[in-house]
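Heads up, the thing below is written out as structure tokens.
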Amino acid sequence: MSTNHLNKYLFLCFAICLYLCSTSKVLAQSYSTVEGDSINPRAYITAGYYFPAINTSLRIDTALGIGTEIGLEDLGLEEDKSVFKLDGVIRVSPKSQLAITYTNINRESTALLERDVTVGDSTFLKGSGVGILFDVDYYAVTWRYSFYNKKNWNAGLSLGARAVSINTGFGAKINERTYTESTSITAPAILFGVHGSAYLTPKLLARYSLEYFYLSVSGIDINVVESNAAVHYFFFKNFGLGAAYSTNSYRVNDVPLGDDFNGKIDFSFGGFNLFLTARF
């Protein structure tokens, strides 16, 4: 997803936040007496399919020099995927809740290089056939505190931990010899943000969140932006369907990729999520 599209979406999320905050008090007064129409079930669980558009660039350097920055989708990795995604929100106290998310995005491909590419200690020549993989496990845990906590709406601040586990590798067979380079990294981050939820009708729940992190230490730069907007419609008291749109953008410069490597990773994914939802 381009930076312009990301900025437009973040602005839209902010506008939605303002709208919900300005109208949710009126909405809450409309059906605060309806049984089951409350923002405070003990837990919400959603499970479904996520359809992210993915953009990835990678550079692996060594002490001998800077490697080649590669757009991995240009080497045949899928730009669009459908993957399983699991979310949960657990009420810890009347004003606080814990949100948990997990998804996994695995991709691999083969391609012919259109230029020489240096990865770590190996240089793959133009015309070489290469295999590439880029597997990601995404874990998110967020503590949310609601400074505004009414019967059918809440809003507040959040503090979250993220871990993006990346396993990537390149391989090529040249003159009957096989060359491979691979590396694994887990990129942790602490995100600060805003969140809110409101029942727009007795059966329709809307949620939003926006989180951000930036850190520069010892030449290592980390920049993370995440956003999510979702609606849940409960056909029954405890079960329903939902849809969401989310964005995740990670940029890490001069990140250690092993004892002898460092480099740069730009990884972003975002798209629609369709899911089953339950509240208890």
Exercise for review: List every residue whose amide H lies under 5 Å from the amide H of R107, counting only residues 5 or more places away in sequence or on a different chain, with H placed 1.01 Å from N in the peptide plane.
Suggested key: F134, D135, V136
Check your understanding: How big is the Rg/Rh ratio for the stretch 142-248, C-alpha atoms only, Rh by Kirkwood, two decimals?
Key -> 1.21
Exercise for review: Please give the contour-minus-distance gain from A47 to F236: 0.36 nm per residue of separation, less the Cα-Cα distance, rounded to one decimal in nm.
Suggested key: 66.4 nm
Practice item. Using a cut-off of 14 Å between beta-carbons, work out the net charge of the residues near F269 (Lys and Arg +1, Asp and Glu -1, F269 not included). Key: -3
**Study point:** 23 Å Cα-Cα threshold exceeded, pairs from K150/K237; K126/K173; K85/K151
**Key:** K85/K151
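A short reminder: the numbers here are calculations on the coordinates, not readings from a lab. Keep in mind it's a predicted model, so treat the numbers as computed, not measured. Counting neighbours? That spans all protein chains shown, and the Cβs are built from the backbone with ideal geometry, glycine included.
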